[in-house]
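> Pasting in a structure now, in structure tokens, and then I'll have a few things to ask.
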Amino acid sequence: MAKHEALLPHMQEIADLDAVLGLLSWDEETYAPAGARAGRGLQTATLEGLKHQRLTRPELGDLIEAALADPSVTGTDRVMVERFRRTRSLATRVPEALVKALAEARSLAMAAWGKAKNSDDFKAFGPHLERVVSLTRQRAEALGSPTDELYDALLDEYEPGTTAATLRPVFAELRGALVPIVEAIAGAPRPDTSFLEQRFSSEAQWQFTLRLLEDLGFDMQHGRQDRSAHPFTGSVGQKDVRVTTRIDEENPISAIFSTIHECGHGLYEQGFAPEHHRTPLGVAPSMGIHEGQSRLWENQVGRSRAFWQRYLPMMKTYFPGTLDGVDLDTFYRAVNVVEPSLIRTEADEVTYNLHILLRFELEQALLTGDLQVDDLPGVWRERMQRDLGIQSEGDTEGCLQDIHWAWGAIGYFPTYTLGNLYAAQIMATFEAADPNVWADVAAGRFAPLLAWLREKIHRRGYTAWAGDIMADAVGAPLQVAPLVRYLKGKFGPLYGLSL
Ligand SMILES: [Zn+2]
């Protein structure tokens with residue numbers, strides 16, 4: 001027996017604990033009564049503690065080292081053991097006292113953030129943010145950075161194998177290309193969206209989103225859709241993938257694109273190779289590549305003219321009397337409005353990345369101490385003005401809008417823009433490989449695209465770093481040009497501009 005096989009039951013145990021934790025958190029976001037919150041927190045902490053104990057047992061470390069010393073453990077088996085060692089090693093690095101202090105500071109900061117956001121009172125949140133940033137800095141020091149930048153210790157958790165130094169020039173190039181596009185579009189007339197401002201029955205929205213999931217290839221035997229305040233995708237192991245959507249009767253676009261976005265995440269989770277299930281290989285290699293899947297389906301596919309060629313007529317049958325006089329081009333323009341706005345989560349395909357680039361810059365400065373928490377609101381406004389030409393009056397729609405920093409998730413934001421870059425690279429590659437793609441989309445045939453994604457990305461799971469999987473799939477390193485070409489090619493004609 002090769003030495004790695006002795007590790008399998010341990011890997012499976014950890015994967016099962018993760019699956020159960022996933023189910024608890026899904027339940028908390030969907031069906032759990034409000035009164036379950038405190039008890040659920042305790043149950044989750046117990047399971048997390050158990051997982052930590054199991055993972056950090058010294059015998060397990062010995063088994064891992066023995067497997068890596070065995071020359072017959074090669075190929076993906078070796079990678080699997082290395083991934084397990086990485087998970088274990090990250091779990092052992094942060095001292096328990098720091099884990100506890102951070103958990104406590106986070107929960108206080110999140111409560112303070114909610115209040116401060118509601119009352120537009122950054123001053124009340126500032127001290128909490130300072131504490132979380134300082135503890136997160138200690139955590140980064142404990143984790144250890146793969147480079148001489150502390151930020152990379154945190155980025156590495158979400159985007160293993162990527163560093164701030166690689167992202168900076170890429171993001172700077174992207175910013176340079178986006179700002180003129182935003183400015184050009186700002187001078188053009190805004191598309192008509194008035195027909196979306198009426199009542200779209202929530203039951204029909206629900207049925208329509210289920211239809212979309214089915215058409216796109218989401219497997220309902222191994223997944224389901226529910227509702228939640230903030231749409232997300234959770235996994236209870238690879239054979240049970242949960243997506244959620246949010247239905248707003250006054251705005252059908254919200255549920256439609258939430259569903260398509262989460263479906264993209266769900267298709268990825270359902271596409272890991274069966275032989276990697278319950279091992280460290282049956283997971284995504286990074287948040288950026290995960291987001292690449294969701295953005296690809298949501299934006300490249302779901303906001304395309306070809307997609308609505310098929311689904312606008314169908315939508316008219318789900319919502320009789322609401323869209324009667326609306327033609328394809330009017331609808332296509334309405335779901336692709338570009339305008340500088342204050343809120344990241346509501347931003348369009350063109351401005352969205354500018355919101356991320358601002359956060360990427362500011363969170364690095366917070367971590368190094370180059371930016372003091374007290375100065376954050378002012379600097380935020382300055383950068384919004386510089387990149388998007390607008391600024392909020394208060395901080396609710398400014399630096400208080402996102403929960404990430406209150407939660408200590410510094411290093412997470414860049415994965416969103418990586419996702420957009422990856423999605424554009426994937427679609428450009430697929431278009432070249434399959435010239436029928438848009439005819440297929442217009443006919444509701446998504447299987448060829450899904451099959452390509454399955455083969456090139458999904459099945460590979462965590463057998464390689466995200467950057468390497470992407471480079472193999474698209475035949476190039478991380479690039480800005482495909483996204484910029486896509487945006488110009490789409491929004492130029494859409495707004496009658498030569499971009
Ligand atoms: Zn997402």
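Where a number appears in this text, it was derived from the coordinates with a stated rule and is not lab data. Not measured: the values here are computed from a predicted model. A quick note on method: Cβ atoms are made from the backbone with ideal geometry, for glycine too, and the neighbour counts reach across all protein chains shown.
> Under 25 Å from the Cα of Lys51, which lysines turn up, not counting those fewer than eight places away in the same chain?
Straight-distance partners of Lys51: Lys3, Lys100, Lys239.
> Give the angle, between 0 and 90 degrees and rounded to the nearest 10, that separates the Cα long axis of helix 202-216 from the longest principal axis of the Cα atoms of the chain.
70
> Here is a follow-up. For a Förster distance of 51 Å, can you work out the FRET efficiency between the beta-carbons of Arg78 and Gln385, rounded to the nearest 0.05?
Working: r = 51 Å, r/R0 = 1.01.
Given R0 = 51 Å and the Cβ-Cβ separation, E is 0.50.
> Using a basic spin-label model with each label point 7 Å from the Cα along Cα→Cβ, how many nm lie between Glu393 and Ala471?
5.1
> So what's the back-of-envelope 222 nm ellipticity for the chain, counting only DSSP H runs of four-plus at -39500 (n - 2.57) apiece and dividing by all residues, rounded to 500? Kindly include the intermediate steps, with their values, before the conclusion.
Numbers: 20 runs with 302 residues, N = 499.
-20000 deg cm²/dmol, from helical runs alone.
> Under a plain spin-label model, where a point goes 7 Å from the Cα along Cα-to-Cβ, how far apart in nm are Arg211 and Leu68?
5.3
> What percent does the relative contact order of the chain come to when contacts are Cα pairs within less than 8 Å and at least six residues apart?
So the answer I get is 20 percent.
> Okay, next question. Name the longest site-free stretch of the chain, where the excluded sites are GluC sites (Glu not before Pro) in a DSSP loop with no more than 10 other beta-carbon atoms within 10 Å. Could you put the intermediate results ahead of the total?
Working: sites that count: Glu197, Glu250, Glu393.
Segment 1-196 is the longest.
> Suppose a student asked you for the relative contact order of the range 130-268, using Cα pairs under 8 Å spaced at least 6 residues apart; what percent would you report? Intermediate values should be presented prior to the final figure.
Details: 141 pairs, mean separation 24.0, N = 139.
Over the range 130-268, the number comes to 17 percent.
> Here's a follow-up. Measure out, as a whole number of angstrom, how far apart the alpha-carbon centroids of the range 236-268 and the range 1-54 sit.
Taking the Cα centre of the range 1-54 as reference, the centre of the range 236-268 is 23 Å away.
> Another question about this same structure. In straight Cα distance, which aspartates and glutamates are under 14 Å from Lys316, not counting same-chain residues fewer than 8 positions off?
Of all the aspartates and glutamates, those that pass the test against Lys316 - Cα under 14 Å, at least 8 places apart if same chain - are Asp324, Asp327.
> Quick check on the chain: of the DSSP beta bridges with both residues there, what percent are antiparallel, nearest 5%? Could the numbers behind the result be given before it?
Details: 3 of 8 bridges.
Counting only bridges with both partners in the chain, antiparallel ones make up about 40 percent.
> Turning to a different aspect of this structure: Relative contact order of the range 1-93: what whole-number percent is it, with Cα pairs under 8 angstrom and at least 6 residues apart?
46
> A further question on this structure: For the range 326-400 and the range 127-181, write down the distance between their C-alpha centroids in whole Å.
18
> On a 0 to 90 degree scale, rounded to 10, what angle separates helix 122-143 from the longest Cα axis of the chain?
Value to nearest ten degrees: 50.
> Which angle between 0 and 90 degrees, to the nearest 10, do you get for helix 8-30 versus the longest principal axis of the chain when only C-alpha atoms count?
40
> Further question: Can you list the lysines whose alpha carbon is less than 20 Å from that of Lys117, not counting same-chain residues fewer than 8 positions off?
Within the straight-line limit of under 20 Å, Lys117 reaches no lysines at all.
> Okay, next question. Given R₀ = 35 Å, FRET efficiency for Arg333-Val179 by Cβ-Cβ distance, to 0.05? Let's see the in-between values first.
Working: r = 22 Å, r/R0 = 0.64.
Between Arg333 and Val179 the formula returns 0.95.
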